[in-house]
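Novice: Let me begin by handing over the structure; questions about it come next.
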2 protein chains.
Amino acid sequence: MKIIDGGVTSAKGFQAASCAAGIKSQDRPDIAMVYSAKPCTVAGTFTSNVVKAAPVLWDRKIVREDAEKVHAVVVNTGIANAGTGSEGLRLCRETAQKTAEALGIDERQVLIGSTGVIGPQLNMPAILNGIEKLVPGLSESREAARLAAEAIMTTDTHPKECAVEFDVAGKTVRLGGMAKGSGMIHPNMCTMLGYITTDISISKDMLQKALSDVVADTFNMISVDGDTSTNDTLIVMANGEAENTEIRSEDGDYAIFKEALFHVTRELARMLAGDGEGSTKLLTCNVINASDKNKAKILAKSVITSTLTKAAMYGNDANWGRILCAMGYSGVQFDPELLDIYFDAEGCKRIHIYHDGETVPYSEDEATALLKHEEVIITADLKEGTAESTAWGCDLTHEYVSINADYRS
Amino acid sequence: MKIIDGGVTSAKGFQAASCAAGIKSQDRPDIAMVYSAKPCTVAGTFTSNVVKAAPVLWDRKIVREDAEKVHAVVVNTGIANAGTGSEGLRLCRETAQKTAEALGIDERQVLIGSTGVIGPQLNMPAILNGIEKLVPGLSESREAARLAAEAIMTTDTHPKECAVEFDVAGKTVRLGGMAKGSGMIHPNMCTMLGYITTDISISKDMLQKALSDVVADTFNMISVDGDTSTNDTLIVMANGEAENTEIRSEDGDYAIFKEALFHVTRELARMLAGDGEGSTKLLTCNVINASDKNKAKILAKSVITSTLTKAAMYGNDANWGRILCAMGYSGVQFDPELLDIYFDAEGCKRIHIYHDGETVPYSEDEATALLKHEEVIITADLKEGTAESTAWGCDLTHEYVSINADYRS
């Protein structure tokens, strides 16, 4: 597997376009389209929030119930189309109809994504006008993918893309994706918005299985603020243009594909966590030597979601007591008297901060220097088994509060 | 029941003292003692955190296992004595021994509370010196109670006290308490530190039952930051000096006492939530007309713990979508299409903001004016039953981040 520079247009036959449709008050790109002329097998995971946005309901029905393949995704920012009742669903369908008409396909071959403020109805004149502008602008270029990744941003500070290339039985396959999400990030069953395209040939069942498997260890292991969005959606579209023999079982080809999908989803997930609203650093927590994986997951996630730990990381404060506290209230049992905690960062000497239930003397200056890095890694060793898990989050900053106290204005 | 000005010395026979022992670097009161010459029946609830501070282990054993009555509580701030291993337990016992010696009682008649930084061992010369100073200063005065409530503060901005007076079968009974807690507040089974004294005569079983019952709807329904502390402790001491016939069953006298205890615990809990670190307002969420009480509790708590809702409240932003979202990811089912949401504040016209799954037009100016009040009440009407619950929290502010990014320095 080779990491390549790319995004949603890396895989053969996928095009993208984006433009400023005027959905947001500012004159910036706010709508994007991804399109494959060849129909795509599709898999998706969606928010577990009881309150589901209209586009989630629309996409989920297509992905889970309708057997047909899809051709396109349209994503708008500015308005989430959540909490909008039956009118919201009607406007979502109208968006799909307009897209289908412009592309000469069926409305149920169009997936919709929306992100932004919860509550208001979509600004349809802007959306419809945007779609008209998007279709003639569709392009397979690298640039088109990047602009699409930028158009779906809300409070994100930079676009998130990742792409890889690998061989399946002599055929070259590409897989690339884009994602957005900065606040209201605590995916459960999936994340905010993520779109991955690939030219592999794979059955729908195998595509969904690979996606569901990798999401459990990637997008579902990040959190910015503990708030699981109403709009979380992660879609993978596979158009088969790589012309490999279709993957229909969990064979060697499937393993190669799943490894590539894992890489792309993990990188996108890490990018979301590291670009959490107002964050200054990526916070990675490894829980190792646990008796079972689920326990390791719960503990790792409890650490990276702890408000107090996040604030301490912002202050470059090696306040390991908050890590210990967050593990303690996570809801799972472990023996604090067996626990070791370490801090790591690239190029820094590891700091062993807690051993067998008591503090280890360390230099506050060295700890502060380590915590100033862009990625801080906390490792908690339970010494009770062999299972492990990793979760990703970010620090809690003044800027997070500023962004969210004033998001709508 | 009459609300009176008072605290831990309101009930007959209870004395308090406090002083600056030098545990904290700043020259401010950091140790307090509450004492009753007459032995007290005692009840308590403690943190559910797997990592329990040494004083929690000490108190819990006395309250749950030892039949004897207690005489005193000693509380220090500055150091939490958590994550301190067997040495921490030894120093906790040494504190109790010194107190017992000074008061002429048994060491297992002394409860200990600690709050502050997790990790360091207690500064014993300061603690022992402080205890020596406290004993001669014990006083039944109103002022002594207030100074004790101040001495146990950490990042609290004001002391929390509440007291009531009521009659039980012709005898006047008093019940008063103090509490502290501003960060790491998400009590589960109890809160940070709370001490309530009463001169009622009541059996240990009935005292514990009343406490456990009221805590479920008061201290366990508040959150500042979602972090359940290692030190949460709530203690009630009853010395019987009111000379009522001892309460031994759930009779009418018990109901009167429980109502008084509910009032004092609820007021102290509300004070903790309203004085959450950096907060500018108290956030109250009522969930009404739920199919069962547990569901109402989970929903109310999910709203007041939502980081995004808390940030919106700080910004006086009627961003009801975040309330809807927080209810949706709480983990319980409800029908969003039946939901109504209201905002209330003292002296303001109620704002009906969400009705049957869709937004209701409202004035942003009126909403902003309402949200600027010191207490903002969010009511969510599920229209599915008759159960209800209330939770209390606070807004998330720049000041919260400042306090917690820099707590140890």
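To keep it simple, each residue is scored yes or no on (1) modelled with pLDDT under 95; (2) within 17 Å of B:P159 (Cα to Cα).
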position: B:K2; (1), (2): yes, no
position: B:A16; (1), (2): no, yes
position: B:C19; (1), (2): no, yes
position: B:A37; (1), (2): no, no
position: B:F46; (1), (2): yes, no
position: B:V51; (1), (2): yes, no
position: B:E65; (1), (2): yes, no
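Novice: Restricting the range A:388-409 to residues that are at pLDDT 90 or above, facing chain B (nearest Cβ under 7 Å) and over 16 Å from B:S306 (Cβ atoms), which is surrounded by the fewest Cβ atoms within 10 Å (Cβ to Cβ)?
Specialist: A:H398
Novice: Quick one: B:I351 ticks every box in (1) of a type in the set (V, I, T); (2) more than 10 Å from every other protein chain (Cβ to nearest Cβ); (3) touching a residue at least 12 places away in the same chain (Cβ under 8 Å); (4) touching a His at 6+ places or on another chain (Cβ under 7 Å) except a single one, so which number is it?
Specialist: (4)
Novice: Still on this structure: If I ask for residues that are facing chain B (nearest Cβ under 7 Å), under 20 Å from B:A311 (Cα atoms) and in contact (Cβ under 8 Å) with a residue 40 or more places away in the chain, which ones from the range A:304-323 would you list?
Specialist: A:T307, A:A311, A:Y314, listed by residue number.
Novice: Next question. Quick check on my filter: what residues within the range A:25-52 are polar (S, T, N, Q) and part of a strand (DSSP E or B)?
Specialist: Pass one, the range A:25-52, residues polar (S, T, N, Q): A:25-26, A:36, A:41, A:45, A:47-49.
A:S36, A:T41, A:T45 - these are the residues of the range A:25-52 that are polar (S, T, N, Q) and part of a strand (DSSP E or B).
Novice: Give B:I256, B:I247, B:I222 a once-over and let me know the one that is in contact with a helix residue (DSSP H, G or I) (Cβ under 7 Å, 6 or more places away or on another chain) and either modelled with pLDDT of 90 or more or within 14 Å of chain A (Cβ to nearest Cβ) (or both).
Specialist: On the way: B:I256 fails: in contact with a helix residue (DSSP H, G or I) (Cβ under 7 Å, 6 or more places away or on another chain); B:I222 fails: either modelled with pLDDT of 90 or more or within 14 Å of chain A (Cβ to nearest Cβ) (or both).
The conditions single out B:I247.
Novice: Filter the range A:284-302 down to the residues that are at pLDDT below 95 and crowded, with 24+ Cβ neighbours inside 10 Å and list them by number.
Specialist: A:K301, A:S302
Novice: Inside the range A:383-407, can you point out the residues that are in contact with a helix residue (DSSP H, G or I) (Cβ under 7 Å, 6 or more places away or on another chain), part of a loop (DSSP other than H, G, I, E, B), closer than 14 Å to A:N294 by Cβ and not acidic (D, E)?
Specialist: none
Novice: Please name all residue pairs, on different chains or six or more residues apart, with Cβ atoms under 6 Å, provided the first residue is in the range B:65-90 and is within 14 Å of another protein chain (Cβ to nearest Cβ) and the second residue is surrounded by fewer than 24 Cβ atoms within 10 Å (Cβ to Cβ) and of a type in the set (K, R).
Specialist: B:G78/B:K24
Novice: Let me ask you something else. Among A:T95, A:T99, A:T77, which is the only one that is assigned to a strand (DSSP E or B), in the same structural domain as A:G240 (by TED's automatic domain parsing) and polar (S, T, N, Q)?
Specialist: On the way: A:T95 fails: assigned to a strand (DSSP E or B); A:T99 fails: assigned to a strand (DSSP E or B).
Result: A:T77 is the single residue among A:T95, A:T99, A:T77 that is assigned to a strand (DSSP E or B), in the same structural domain as A:G240 (by TED's automatic domain parsing) and polar (S, T, N, Q).
Novice: Out of the residues in the range B:91-115 meeting the condition of being in contact (Cβ under 8 Å) with a residue 40 or more places away in the chain and closer than 16 Å to B:L57 by Cα, tell me which one is surrounded by the fewest Cβ atoms within 10 Å (Cβ to Cβ).
Specialist: First pass over the range B:91-115, keeping only residues in contact (Cβ under 8 Å) with a residue 40 or more places away in the chain: B:99, B:103, B:108-115.
Narrowing further to those that are closer than 16 Å to B:L57 by Cα: B:108-115.
Working: B:R108: 16, B:Q109: 20, B:V110: 28, B:L111: 27, B:I112: 27, B:G113: 27, B:S114: 30, B:T115: 29.
Per the criteria, the residue is B:R108.
Novice: For A:R270, only one of the following conditions fails: (1) surrounded by fewer than 20 Cβ atoms within 10 Å (Cβ to Cβ); (2) in contact (Cβ under 8 Å) with a residue 40 or more places away in the chain; (3) of a type in the set (D, E, K, R). What is its number?
Specialist: Against the list (1) surrounded by fewer than 20 Cβ atoms within 10 Å (Cβ to Cβ); (2) in contact (Cβ under 8 Å) with a residue 40 or more places away in the chain; (3) of a type in the set (D, E, K, R), A:R270 comes up short only on (1).
Novice: Would you pick out the residues in the range B:216-241 that are touching a Phe, Trp or Tyr at 6+ places or on another chain (Cβ under 6 Å) and not aliphatic (A, V, I, L, M)?
Specialist: Once the filter is applied, which keeps residues that are touching a Phe, Trp or Tyr at 6+ places or on another chain (Cβ under 6 Å) and not aliphatic (A, V, I, L, M), the range B:216-241 yields B:T228, B:T233.
Novice: Something else: Being more than 30 Å from B:A405 (Cβ to Cβ) and either free of Cβ contacts under 8 Å to residues at least 24 places away in the same chain or in contact with a Lys or Arg (Cβ under 6 Å, 6 or more places away or on another chain) (or both): is that true of B:A242 here?
Specialist: On the way: more than 30 Å from B:A405 (Cβ to Cβ): yes; either free of Cβ contacts under 8 Å to residues at least 24 places away in the same chain or in contact with a Lys or Arg (Cβ under 6 Å, 6 or more places away or on another chain) (or both): yes.
The answer is yes for B:A242.
Novice: Consider the range A:261-301. How many of its residues are hydrophobic (A, V, I, L, M, F, W, C) and more than 17 Å from A:A216 (Cβ to Cβ)? Please lay out each step first, then the result.
Specialist: So in the range A:261-301, the residues hydrophobic (A, V, I, L, M, F, W, C) come out as A:261-262, A:264, A:268-269, A:271-273, A:282-283, A:285, A:287-288, A:290, A:296, A:298-300.
From what's left, more than 17 Å from A:A216 (Cβ to Cβ): A:271, A:282-283, A:288.
Residues meeting the conditions: 4.
Novice: When the range A:317-338 is examined, which residues are found to be closer than 19 Å to A:S291 by Cα, surrounded by 24 or more Cβ atoms within 10 Å (Cβ to Cβ) and in contact with a Leu (Cβ under 8 Å, 6 or more places away or on another chain)?
Specialist: A:L324, A:A326, A:M327, listed by residue number.
Novice: When A:Y314 is evaluated against the numbered criteria (1) out of contact with any Leu (no Cβ under 8 Å at 6 or more places or on another chain); (2) of a type outside the set (G, A, S); (3) surrounded by 24 or more Cβ atoms within 10 Å (Cβ to Cβ), which criterion, by number, is the only one it fails?
Specialist: So the condition that A:Y314 fails would be (1).
Novice: Let me ask something else. Name every residue in the range B:37-52 that is of a type in the set (S, T, N, Q) and either over 22 Å from the mean Cα position of the chain (by Cα) or at the interface with chain A (Cβ under 10 Å from one of its Cβ atoms) (or both), in order of residue number.
Specialist: If we filter the range B:37-52 for residues that are of a type in the set (S, T, N, Q), which is where we start, we get B:41, B:45, B:47-49.
Those that are of a type in the set (S, T, N, Q) and either over 22 Å from the mean Cα position of the chain (by Cα) or at the interface with chain A (Cβ under 10 Å from one of its Cβ atoms) (or both): B:T47, B:S48, B:N49.
Novice: For the range A:53-64, give me each residue that is crowded, with 19+ Cβ neighbours inside 10 Å and within 14 Å of chain B (Cβ to nearest Cβ).
Specialist: Of all residues in the range A:53-64, those crowded, with 19+ Cβ neighbours inside 10 Å come to A:53-56, A:58-59, A:62-63.
The answer is A:A53, A:A54, A:V56.
Novice: Filter the range B:356-387 down to residues that are more than 14 Å from B:Y314 (Cβ to Cβ), surrounded by 15 or more Cβ atoms within 10 Å (Cβ to Cβ) and either among the polar types (S, T, N, Q) or within 14 Å of another protein chain (Cβ to nearest Cβ) (or both), then give me how many there are.
Specialist: Result for the range B:356-387: 9.
The values are calculated or read from the model by the stated rules, or taken from the named source; none is laboratory data. These numbers come from a predicted model, not from an experiment. Because the Cβ atoms are built from the backbone with ideal geometry, glycine has one as well, and the counts that use them run over all protein chains shown.
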